[in-house]
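Report on the structure given below.
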Amino acid sequence: MAFFSFSLLMDSFIYLSTKIEPNKKYYSKDIALSNELNNKNKITAFAKLNNERRINITNVGKKLLICLPPKFGLGDAIEYGIAINSLIQTKKFNKIGIAFTSNHDYLFKEFFSFVDIYPLIISQEEINTFDTVYHLTLEINALKYQKYKRSNIAREICDYFNVPLINFKKEENKITKDGIKTISIFPISTSLIRSLPPHIVEEIINYFGNEYLIKIILDNSYYSKYLIKNLKNNNFIALEPNNIKSLTLEISKINFGIFIDSGPLHIAKCFNKNGILIETSVSSKILLSNSKNIMSVKNKYKSNYCNGPCGLVDVFAHDSKIGCYETHKLHFEDITLIKNQKNLQRWNKKENNSHLISNPVGCIKQIDVKNIIELIRYKIKES
């Protein structure tokens, strides 16, 4: 039930600090809320739920409600925010609301300072204050395939509305008189095809650890724990910010960053941070189009089924296997012909992560650490 409506039949209900009133119609894309309401209905008649069909817009009015997808990552949230900020700055609309921001509420409210935010639910009365309800992944065809061929999300949205893409910057990067003293490594992504193997991180620590303070910024994922456990050189400080706000604060203070394609890269670009990107499956031309201070180590991997970077955001399931284009012997065009693409995303991450760690995809295997070290040296000297 990706997009649904509901109304409580008797009592009010508090869900994640949000009070929901009875006898009012609400809309949501929160799967956990849908599950909780259905579980309550098994005990007593608690709520009326309906699947809702997203409707294509025919005319764009002046009061726009942007409905975000049910699940999206930190990097996508930043890209949505940049696009929405562009829409606001160009004054094309009298009012813009953002529905279903979910756990990225802080970014939209505080980082971007947007006003009309509906994190988990939106009532019928609130929807009625808008004249256009716009579902991103319904209207923009390229956004339907972001898992398989990543494009510039912010630009796709701005192009759809025929407005210029305006770079969003929090502040200019400042290097002190003393220069760079700390190197911050962000090795973790939500996908192992966009995360750094332990030996790459190890080599960076070995080479720079005696001259610079090395910080490794982690999350609470299985791979973070695996990475730290498999680093032999402990000449570093490991940090694990406990929420997006604390992560954003940490990024705002860094001297020099080593990034992969993940949320921290997108936040760092907003702060004009200095550093390098280690290109994996998503092109640096897309990821760094709005950055002047980050340079990339190119992914030049080639196979019969892909040329790095291929655009894939994560591995997928096909014919009882988990892997990338090369693993499955498929091209992106083959994906577009598969009728039920939801099946491609039905695989157990916990069970398959250990396999992907010991058997990384081809482009991850061929990351050249010498090129990484050379570019870090060049960028630090340049700074």
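The values are calculated or read from the model by the stated rules, or taken from the named source; none is laboratory data. Remember, predicted model here, so these are calculated numbers, not experimental data. Glycine gets a Cβ as well: all are built from the backbone with ideal geometry, and neighbour counts include every protein chain shown.
With respect to H318, determine if the residue is surrounded by fewer than 18 Cβ atoms within 10 Å (Cβ to Cβ) and more than 30 Å from K181 (Cβ to Cβ). Spell out how you get there, then give the answer.
Working: surrounded by fewer than 18 Cβ atoms within 10 Å (Cβ to Cβ): no; more than 30 Å from K181 (Cβ to Cβ): yes.
When the stated conditions are applied, H318 does not pass them.
The set of residues from region 3-21 being loosely packed, with under 15 Cβ neighbours inside 10 Å, in a loop (DSSP other than H, G, I, E, B) and of a type outside the set (D, E, K, R) comprises L9, M10, S12, L16, S17.
Among the residues of region 98-114, the ones that are modelled with pLDDT under 95 and either touching a strand residue (DSSP E or B) at 6+ places or on another chain (Cβ under 8 Å) or of a type in the set (V, I, T) (or both) come to 1 in all.
The C-beta contact set for region 205-222 (first residue of a type in the set (G, A, S), second residue surrounded by 15 or more Cβ atoms within 10 Å (Cβ to Cβ), distance under 7 angstrom, 6+ apart or interchain) comprises G209/F236; S221/I188.
Of the residues making up region 269-289, those that are within 16 Å of the chain's Cα centre (by Cα), in a loop (DSSP other than H, G, I, E, B) and in contact (Cβ under 8 Å) with a residue 60 or more places away in the chain are T280, S281, V282, S283.
So that you can scan it fast, the table gives a plain yes or no per residue for (1) within 26 Å of F161 (Cα to Cα); (2) not basic (K, R):
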residue	(1), (2)
Y15	no, yes
K42	no, no
I57	yes, yes
L64	yes, yes
D76	yes, yes
I84	yes, yes
T90	yes, yes
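In this structure, N41 does not qualify as under 29 Å from L265 (Cα atoms), outside the structural domain of P264 (by TED's automatic domain parsing) and not in a loop (DSSP other than H, G, I, E, B). Filtered by the rule that a residue be free of Cβ contacts under 8 Å to residues at least 60 places away in the same chain, out of contact with any helix residue (DSSP H, G or I) (no Cβ under 6 Å at 6 or more places or on another chain) and on the phi < 0 side of the Ramachandran plot, region 304-322 gives N304, N307, P309, K321.
Put simply, of I335, I380, I322, I357 the only residue that is under 30 Å from N272 (Cβ atoms) and touching a Phe, Trp or Tyr at 6+ places or on another chain (Cβ under 9 Å) is I380.
Could you tell me whether region 158-167 includes any residue that is more than 29 Å from H135 (Cβ to Cβ), of a type outside the set (G, A, S) and in contact with a helix residue (DSSP H, G or I) (Cβ under 6 Å, 6 or more places away or on another chain)? No, that holds for no residue.
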